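The values are calculated or read from the model by the stated rules, or taken from the named source; none is laboratory data. As the structure is a computational prediction, the values presented were derived from the model and not from experiment. Every residue, glycine as well, gets a Cβ built from its backbone with ideal geometry; the counts of neighbours run over all protein chains shown. Side chains are part of the model used for accessible areas, which takes the heavy atoms of the whole protein and leaves out ligands, DNA and RNA. Shrake-Rupley method; radii C 1.70, N 1.55, O 1.52, S 1.80 Å.
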Amino acid sequence: MGVLNVTPDSFSDGGRYTDIDAAVHHGVCLFHQGAHVIDVGGESTRPGAERVEARTEIARVVPVIERLFAQGVPVSIDTTRAAVAEAALQAGAVLINDVSGGLADPGMASVAAAAGCPWILMHWRGHSRDMQKLAVYRDVVTEVRDELRARADDAIAAGVDPSRIILDPGLGFAKLAEHNWALSARLDALTALGFPVLFAASRKTYLGRLLAAPDGTPRPVGEREAATLATSLLAVAAGAWGVRVHEVGATADALAVWRATGSPRFRGTP
Ligand code: PMM
């Protein structure tokens, strides 16, 4: 999954693709580099981010999705709002990526059920503005697993086909670095729930902290690619169904290496 944020303020690519032509061009490039789906988002979810109105989000994403669809590029819509998901599906999106796992908007489940499209349910505890206050766990792996199972159960009860559900641990969302690492080490606890698992560590702050300079300055966002690749490969080796990344070409190369090992755990499309 290639990341395409059409926002002025996302932590990694914010402001780069607010122009529709630039956004579409980048989406097409990511597709040609090997992304199976381009994840278009119109609202930043970085820690501390303020919300934008639904109509702003729709105005940002719909023209980009329409043009990517016209060029045969599969698109997922990264939103927590049912109205935005509906408009995006209308414009040609084929998958809903909901970082709130259905919690932010009670209307999302019926949109996903009616569309019959895949729905990524990410682990989430609250909106970005103050989500890091919610990063309190006794046992992060067990709690995230149980909360994700509850999200999936609710989706199924609302009429969503279980075969359309994908789970995501939500790295960095109401999670400190130690929580992200614990979840990365125990992806098996999530895959054991029986749903495909998406892993999305690309360029995140905890990687910058891991690679901090001796004076403690975090590694800049644009210099976290090798670490991102390592996390993606480890996740796929641990049974992840997919990875969501900014740098698709390098990821596709790394996964080609993984595929060449002939590992029976490779679940991607050749
Ligand atoms: N992270 C971001 C945005 N969308 N979607 C899923 N499913 N999982 C994530 O971890 C996730 C996401 C925030 O990062 P960005 O600025 O790279 O989009």
Anyone know which of Arg186, Arg55, Arg145 comes out most mobile in the 10 Å Cα GNM of the chain?
Arg55
The chain: relative contact order as a whole-number percent, Cα under 8 Å and 6+ apart
15
What residues qualify as long-range amide H neighbours of Leu167, i.e. H under 5 Å apart, gap of 5 or more or another chain, H built at 1.01 Å from N?
Leu121, Val197, Leu198
Please list Lys204, Lys175, Lys133 from largest to smallest accessible area, probe radius 1.4 Å, with all protein chains kept in place.
Lys133, Lys204, Lys175
Solvent-accessible area per residue for the range 1-98 at a 1.4 Å probe radius, Å²?
40
Heavy-atom accessible surface of the range 1-98: percent carbon and sulfur, 1.4 Å
52
For n ≥ 4 DSSP H runs only, could you compute -39500 (n - 2.57) per run for the chain, divide by its residues and tell me the 222 nm figure to the nearest 500?
-12500 deg cm²/dmol
Working out 0.36 nm times the residue gap between Gln90 and Phe69, then minus their Cα-Cα distance, what length gain in nm do you get to one decimal?
6.5 nm
Enter the accessible area per residue of the range 149-243 (Å², integer; probe 1.4 Å; all protein chains in place).
42
When the chain is modelled as a GNM with alpha-carbon springs shorter than 10 Å, which of Gln71, Gln90, Gln33 fluctuates the most?
Gln71
Among rounded, prolate and oblate, which fits the range 1-98 when a ≥ b ≥ c are the square roots of the eigenvalues of its C-alpha gyration tensor, a/c under 1.5 means rounded, and a/b larger than b/c means prolate?
oblate
Yeah, the chain with a ≥ b ≥ c from its alpha-carbon gyration tensor (a/c under 1.5 is rounded, else prolate when a/b outruns b/c, oblate otherwise) is rounded
Karplus-derived 3J(HN,Hα), 6.51/-1.76/1.60, for each residue of the range 175-181, Hz, glycine and proline x:
9, 8, 3, 4, 5, 4, 5
Report ³J(HN,Hα) in whole Hz for each residue of the range 18-31, in order, from the Karplus equation J = 6.51 cos²θ - 1.76 cosθ + 1.60 where θ = phi - 60°; Gly and Pro get x.
7, 7, 4, 4, 5, 5, 5, 4, 5, x, 5, 4, 4, 4
For the range 153-217, with all protein chains present and a 1.4 Å probe, just round the carbon and sulfur fraction of the accessible area to a whole percent.
55
Pick out which of Val141, Val221, Val99 has the largest mean-square fluctuation in a Gaussian network model of the chain, springs linking Cα atoms closer than 10 Å.
Val221
Report the calculated FRET efficiency for Asp19 and Ala256 (r = Cβ-Cβ distance, R0 = 22 Å), to the nearest 0.05.
0.10
What nm distance separates the two modelled labels at Cys29 and Asp161, each placed 7 Å from Cα along Cα→Cβ?
3.6
